[in-house]
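Inspection log for the structure reproduced underneath, given as structure tokens.
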């Protein structure tokens, strides 16, 4: 039973690493898209919506 928990934790950490890698890729792609279209990137800083030039 202990081996099952260990295996499950390894799978969970592997999945989390893949998700984090994917999210950083999405961020890079979004910035590249906004640069290509010459449009503002809209982000939330604190409690304010801010338009940023990419």
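General remarks:
- Against the conditions (1) in a helix (DSSP H, G or I); (2) touching a helix residue (DSSP H, G or I) at 6+ places or on another chain (Cβ under 7 Å), residue 26 satisfies every one except (2).
- Taking residues in the range 11-37 that are closer than 25 Å to residue 53 by Cα, and partners anywhere that are surrounded by 10 or more Cβ atoms within 10 Å (Cβ to Cβ), the pairs with Cβ atoms closer than 6 Å and at least 6 places apart or on different chains are 31/54; 34/41; 34/54; 35/54.
- Residue match in the range 39-54 (condition: surrounded by 10 or more Cβ atoms within 10 Å (Cβ to Cβ), outside any strand (DSSP E or B), at pLDDT 90 or above and out of contact with any helix residue (DSSP H, G or I) (no Cβ under 9 Å at 6 or more places or on another chain)): no
The values are calculated or read from the model by the stated rules, or taken from the named source; none is laboratory data. Bear in mind that the values here come from a model prediction, so they are computed numbers and not experimental data. Here the Cβ is made from the backbone with ideal geometry for all residues, glycine too, and neighbour counts use every protein chain on show.
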